[in-house]
Structure formats: C-alpha cells, structure tokens
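The values are calculated or read from the model by the stated rules, or taken from the named source; none is laboratory data. The structure presented is a predicted model; accordingly, all values stated were derived computationally and were not measured. Here the Cβ positions follow ideal geometry from the backbone for every residue, glycine too, while neighbour counts run over all protein chains shown. Side chains included, ligands, DNA and RNA excluded: accessible areas come from the protein's heavy atoms. Shrake-Rupley method; radii C 1.70, N 1.55, O 1.52, S 1.80 Å.
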Amino acid sequence: EDLIDRYPDKLDAYLGRGEVARAQGQYDEAATWFERAQKLAPDDYRPPYYLSLAANGAKRYEEAIAFFDQSFALNPKNTGALYYKATALNALGRRAEAIASLSQAIEYHARPPESWQELLAKWQRYPDYAQDPDRWWERGQAAEKEKDWAQAAAIYSEGAGKALSPDDY
C-alpha cells in the first residue's frame, strides 16, 4: 500500500497488492485492487487476467471466464489464462470446452508443464464429466461427510465401474 501511495500511476503496485489479498483468500478485496489496476491501464491484459484468477478462486466461474476472455482480447496467447479458463470450464461441467482451452494452452506454451499434459490426457479419457473418477470421489466424500456410509459405498462402486485404465480408482 505504501508503494501505491508513492507511485499511484504504477500498475505493478496494484497488481502486487491484489495478489497478496488473493493469496490470503480475500477474493473480493483482491478484485478491488485489480479493478483499480484495470482503470489505470485499460489496455493491459494483466488486470483482467488477475480479476479472472480472483473470480476463479471465489468459485465464480462464469465471471472468471468473462475476465479471461477480456484478457485474451489483449493477449491471445496467454497460456496461464488458457489453463485457468480450462479449469473454470471444467468446474462448470463444460469438459469439451475445457479440453479445447487446455489443448490451446499446451500448444502455445514453449514448455508446457507435465501436469497440464497429464490433466489433458485424463480429460480426453473422460470427455464426459459424469464419467470422471474425481467427480465420483467428490460425491463419495460428500456422502461420507454426512455419515451415509451405504450411499458412499454405492457411489464409489459406481465410479470405479466407470474408471478406465490407467486410472487406479
């Protein structure tokens, strides 16, 4: 905040302050700082990118996707934005679009992380979100949290029946 006071026209100070808030899970506060950065530099791709990360962290996925798209208009080959857009699309159950976004991120990245490639391979094995073992795991965990052991066992069993090799469900 001292840097912002001393350099009110420097974009990085606002982005840095917003990142501190985002790292602490204070997504609304982070968005406020990123919005200020966007007003300062409306033609810079970074403020909408960071706004998308804050919305994504707050699980406001539709909002995150809108900000990602704003960022893409200013920097169409932002691989990080493509990756996080893919995760937001996937969270909304839009697996086909998520696959396309992640594929593009990998294509544009000079050295894509192995984790991205593994995630893409998994999504391609399970193009239908309803088949994904992680979805069944989450549902089973929710049933366990409610201490509904029979329901949890049934969910896990059904999910295991949908798992494809090389997954170890």
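Number of residues in the stretch 63-83 that are over 17 Å from Ala98 (Cβ atoms), of a type in the set (A, V, I, L, M, F, W, C) and open to solvent by less than 70 Å² (accessible area, probe 1.4 Å) equals 0.
Residues that are exposed (fewer than 15 other Cβ atoms within 10 Å of the Cβ) and under 14 Å from Asp44 (Cβ atoms) were ranked within the stretch 1-15; the one that is modelled with the highest pLDDT is Asp12. Could you grab me the full set of residues in the stretch 33-45 that are within 22 Å of the chain's Cα centre (by Cα) and open to solvent by 70 Å² or more (accessible area, probe 1.4 Å)? Result: Glu35, Tyr45.
Every test in (1) without any contact (Cβ under 8 Å) to a residue 12 or more places away in the chain; (2) in a helix (DSSP H, G or I) is passed by Pro76 save one, and that test is (2). The set of residues in the stretch 93-120 that are open to solvent by less than 40 Å² (accessible area, probe 1.4 Å), more than 14 Å from Gly80 (Cα to Cα) and outside any loop (DSSP other than H, G, I, E, B) comprises Arg95, Ile99, Leu120.
Once the stretch 135-150 is narrowed to residues that are assigned to a helix (DSSP H, G or I), open to solvent by less than 100 Å² (accessible area, probe 1.4 Å) and not aliphatic (A, V, I, L, M), the residue that is nearest to Lys122 (Cα to Cα) is Arg135.
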